[in-house]
Every structure is written in structure tokens, then in C-alpha cells.
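Written below as C-alpha cells is the structure these notes are about.
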Protein chains: 2
Amino acid sequence: MISQTMEDYLAAIYRVEGPTHRATTGAVARRLGVSAASASAMFHKMADSGLVRYREYLGVTLTASGRLQATQIVRRHRLAERFLTDMLGIGWERVDKVADQMEHALPEEVTESFARVLGDAARCPHGYPIPSTSGEVAVRETVSLAELATGGGGQVAWVSEDDPVVLATLARRGLVPGAEVHVLVGAPGAKRRVVQVEGRAAVSLQMGLLQAVAVEVAMDARP
Amino acid sequence: MISQTMEDYLAAIYRVEGPTHRATTGAVARRLGVSAASASAMFHKMADSGLVRYREYLGVTLTASGRLQATQIVRRHRLAERFLTDMLGIGWERVDKVADQMEHALPEEVTESFARVLGDAARCPHGYPIPSTSGEVAVRETVSLAELATGGGGQVAWVSEDDPVVLATLARRGLVPGAEVHVLVGAPGAKRRVVQVEGRAAVSLQMGLLQAVAVEVAMDARP
DNA sequence: AACATGGTTTAGAGACGACTAAATCATAGG
DNA sequence: CCTATGATTTAGTCGTCTCTAAACCATGTT
């Protein structure tokens, strides 16, 4: 049995470690709201349990076992989010916080019932993939909307934000997973971009908002 | 903010304290699966927080504040049970354990969404009343089916058991909340009773099972 | 190559909640 | 009335997770 605290760390590491597969002490500590010292101590214990490999001063990497367990926690979290929006009608800008509390308390049985009644949803309301029970995760190649220039565009894959205000704003503009978006005006160095979402009127958005939107560029439009 | 452990104690005290409004250290400790020493220590802290009155060696009594908070935890628990059976199709014999884990993790918002989609259910699947948000609880006068003799009968109000095997057995016999039941053969001292449930064929049941069934005797049949 | 800076780790200590063993109390029986 | 018995409380520890303060390391700058 793995403690609830350790589960929190596991999920945090999973979400923090980027393509380099390395999560630093500070980044994990910040995400969990604990001191770096606490995270460092926990990393030692997790390494002893075989959940991570720990290179001192450089950060941790999930082992196969750790990664599998992390995906299952994330699966619970994202299924819970999907459930909260689809079945209970709770706004997508609030479900992340609520699901945080639920992800530890959901027995396997309930998680799988969620999956069943949701028709085996593939993504959470923010667009992130829901890992399968065996730990597989669908990957998509994306670019931040902030990195696209005039003429660029594609389909919104996910929105990486947890600030409710930002999420609500983006939703009001139609910037939700699945939407087609195109940059009408946007010089590479500019502070704002004018974008068009689906059939809507064009809107001007600042970089802060654009950075949160991950876009999958269509195959035939790739450089 | 009140700790999750304290919430567990609060709910346990609420369920243990009988009509005398007193919960003993041992009874609470047994229900929570902790030592009496641990419960004793916790009672001191809860008394300091104003949740209970504590008479040493005699047990605790919920204060108004403690009682209100306890009812809200029980509300979450019973709404979760109702949700698990009605919306997810999980068997009534297993939902108690599952809801135990969920009762701390359900934010107000989710609890009230449950209540809404469940049409403000009045009782949990086992028949216990679901407290209102203001802490009111509907009371019913009941007698254990084991205490009724030949000719007695009424409506099953609730089933006070958490052993899945017992619950499954009772359900198979039709002994679920709302069912009309009558004692066909049952001397006051006997080990078994022959009972008839609704329109079914009569069955003989042992005291162990009968004791779990709380029956509301019809007004005109009261002694 | 030496150093300044910022992130990371160790040291020391505290809150919480659990346990066992020993002491204490309440109460029923003689 | 006194004592035996069982329940309850106190005393002393332990494990987990957290913190701050101080020592340490990796890196980029001069």
C-alpha cells in the first residue's frame, strides 16, 4: 500500500516531468505547495519504494512501476472531471480542483463505472487524454497557439490552465478542445494575436491566454 | 478546518450514540478500528474544539456544533450511497464501504449536485434518512423484526447491517426498505421466525438476520 | 579560473495520530 | 460494604509528513 501523500507526489511528478522525463525538486514542490525540503525527503522514500530513480540535485524520473501507478491516478482524476462536467453539469473551470480531492477516494469499482457510463471517454474536459487501465496514453503533437504566426492554425487539442478565470474566458471565446482555430494576424514577436475560432468573429487575445492553448496543426500544414 | 480523522470520529460518534445521547470510548474505538487509547486522546481534542462534551470514563455527547457537522458528513455518505446504487448500478451490499472513502472527498458542490440529480432522495439505499443541509433528520419509530411475534408486521424502514453477505441474503428474500412484512409464526423466545414479505412465499429466517431489519409498525397495529 | 546565484539537500524540530503497557475508575456480586 | 472485573485513561513511543535555517552543489558570468 502506498500512502495518499505519495500518490500526490506521484501524480505531480507525472505531470511535471516534460519530454526530458525529469522532474526537479522545486517544480514538484511548487505544484504541491510544499517546501523543497519536504519534496527532497519524499523523493528518497519514493526511490526506496522503487517508484522513481533519483539523481541528487538533478531530479527524479518515474520507473516503469511508478509510471503505471501515476497513470492510474491521472486516469481517476480525468474520468472524475469528465463525470463532473457531463453528468453533474459542473463548469469545466472548476472541476480540476474538485477532482483533486476525489482522485484518491475513488475505488477501482467506481472509476470503472464512470468509464462505463461515460462511454469510455478518451479525454478530460480540458482535452488531455485519459490513460487506459493498462497505462497507455494517446499522444498528440501540439504547438502552443502563442507560437503560431499569421496563417497558422489547426485544432485545439487541450488547454493547459487551472485558473478558473482564464478557463472561463477561453471558453467564452470558443477556445475549447476540438475547435478549429486560425491566426489571422500575428507577427512572431508581437504581444497579441488576432485569431478566428470556427465560424465566429475574429478576436484579439494576449499571449498569456494563447500560451495555454495547445493546437494540433493539420498534417498538410506542417512545416 | 477540521481534520479528516476528526471527521471520522464525528461520524462514528453520531452513529454510535443511541437514544441516551452518549457514545462510549470503546464503542467508538471499535467502530473505527482503533485502540481505546487513541479514541480517548481524540475525545480530548474534540472537546477542546467544542465538538463534544466529554465526561471522563462515561463517554462523549455531541454539542450542537458537533451534531450539525456530523449530520453533514452523514448526508454526504448517504447521498453518495444513493448515487452509487441508482446512477452507477453498484450493489447495495457494497456501497457502504465505498461511500466511507468518498464521504470526506466530496465537496459541497458535488454533494448538492448529487442531491439534485437524485431528486432530493429522502433515504439511503439501506433506508436511513438523509439529513437535510440544515441538519434535520426524519425520525421513524421502529421495532426490530426479531422483536415481533406471530401476527406482528409492518413496513421495513431500514436494514442496519454492513456485512455484504447478510445484506445480499436479505435482499434475495425481499427484505429491503419499503417492503411490507408479516410474522406468520414466531414465539417470543424462539430462535427463528417464519415471515412473509409482500406477495412472496413465506420464508423461515434466523434471529441474526431478523435483528438487522427495522420495521415500522402500522399506526392501527400499535399496542 | 574564480565567483556569485539560485536551486537542492541536510539538520533539527514539531504536529498529528496511532500503538502497547501500566495505572485508574465504575460497577455489579458477594 | 468490599472487592473483582472490565472498561477507560495516562505514560511513553513511534512513524509520517511538514517546516525553517544552514550547508551544499551546478551553472553561467566575469
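The values are calculated or read from the model by the stated rules, or taken from the named source; none is laboratory data. This is a predicted model, so every value here is computed, not measured. Don't worry about glycine lacking a Cβ; one is built from the backbone with ideal geometry, like all the others, and counts go over all protein chains shown. Side chains are part of the model used for accessible areas, which takes the heavy atoms of the whole protein and leaves out ligands, DNA and RNA. Shrake-Rupley method; radii C 1.70, N 1.55, O 1.52, S 1.80 Å.
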Original post:
Out of (1) in contact with an Asp or Glu (Cβ under 9 Å, 6 or more places away or on another chain); (2) open to solvent by 50 Å² or more (accessible area, probe 1.4 Å); (3) within 12 Å of chain B (Cβ to nearest Cβ), the odd one out for A:ARG140 is which?
Top reply: (3)
**OP:** Any residue in the range A:122-137 that's closer than 13 Å to A:GLU112 by Cα: show its pairings with residues that are of a type outside the set (Lys, Arg) and part of a loop (DSSP other than H, G, I, E, B) at Cβ separation under 7 Å, as long as the two are six or more apart or on different chains.
**Re:** A:ILE130/A:ALA121; A:ILE130/A:ALA122; A:ILE130/A:CYS124; A:PRO131/A:VAL137
Original post:
Checking A:GLY91 against (1) within 12 Å of DNA strand D (Cβ to nearest atom); (2) within 14 Å of chain B (Cβ to nearest Cβ); (3) small (Gly, Ala, Ser), which single condition isn't satisfied?
Top reply: (1)
Original post:
If you go through the range A:119-137, how many residues are hydrophobic (A, V, I, L, M, F, W, C) and open to solvent by 40 Å² or more (accessible area, probe 1.4 Å)?
Top reply: 2
Original post:
Which ones in the range A:178-211 are of a type in the set (Asp, Glu) and on the phi > 0 side of the Ramachandran plot?
Top reply: A:GLU198
Original post:
So is A:ALA11 within 14 Å of DNA strand D (Cβ to nearest atom) and of a type outside the set (Ser, Thr, Tyr) or not?
Top reply: yes
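Going through A:LEU175, A:LEU184 one at a time, which residue ends up being outside any helix (DSSP H, G or I), without any contact (Cβ under 8 Å) to a residue 40 or more places away in the chain and open to solvent by less than 10 Å² (accessible area, probe 1.4 Å)? Steps first, please.
Details: A:LEU184 fails: open to solvent by less than 10 Å² (accessible area, probe 1.4 Å).
Just one listed residue meets the conditions, A:LEU175.
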Subject >> the range B:103-118, subset free of Cβ contacts under 8 Å to residues at least 24 places away in the same chain and at the interface with chain A (Cβ under 7 Å from one of its Cβ atoms), residue surrounded by the fewest Cβ atoms within 10 Å (Cβ to Cβ) >> reply: B:GLU109
**OP:** For the range A:204-223, name all the residues that are open to solvent by 40 Å² or more (accessible area, probe 1.4 Å) and either closer than 22 Å to A:ALA122 by Cβ or of a type in the set (A, V, I, L, M) (or both).
**Re:** A:MET207, A:GLU216, A:ALA218, A:MET219, A:ALA221
Original post:
Would you call A:SER132 hydroxyl-bearing (Ser, Thr, Tyr) and either modelled with pLDDT under 90 or outside any loop (DSSP other than H, G, I, E, B) (or both)?
Top reply: no
Subject >> Members of the range B:32-45 that are touching a helix residue (DSSP H, G or I) at 6+ places or on another chain (Cβ under 9 Å) and within 12 Å of DNA strand D (Cβ to nearest atom) >> reply: B:VAL34, B:SER35, B:ALA36, B:ALA37, B:SER38, B:ALA39, B:SER40, B:MET42, B:PHE43, B:LYS45
Subject >> Residue count for the range A:187-197, restricted to those that are at pLDDT below 90 and either under 26 Å from the mean Cα position of the chain (by Cα) or open to solvent by less than 50 Å² (accessible area, probe 1.4 Å) (or both) >> reply: 3
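Go through the range A:1-102 and tell me which helices (runs of 4 or more DSSP H), entirely inside it, have 3 or more residues that are of a type outside the set (S, T, N, Q), touching a residue at least 40 places away in the same chain (Cβ under 8 Å) and away from DNA strand C (no atom under 16 Å from the Cβ).
Filter on the range A:1-102 gives A:4-16, A:64-86.
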Original post:
What residue, of B:ARG78, B:ARG31, is touching a Lys or Arg at 6+ places or on another chain (Cβ under 9 Å), crowded, with 21+ Cβ neighbours inside 10 Å, at pLDDT 95 or above and within 29 Å of B:VAL166 (Cα to Cα)?
Top reply: B:ARG78
Subject >> Residue count, the range B:103-129 (criterion: part of a loop (DSSP other than H, G, I, E, B) and over 23 Å from B:ALA12 (Cα atoms)) >> reply: 3
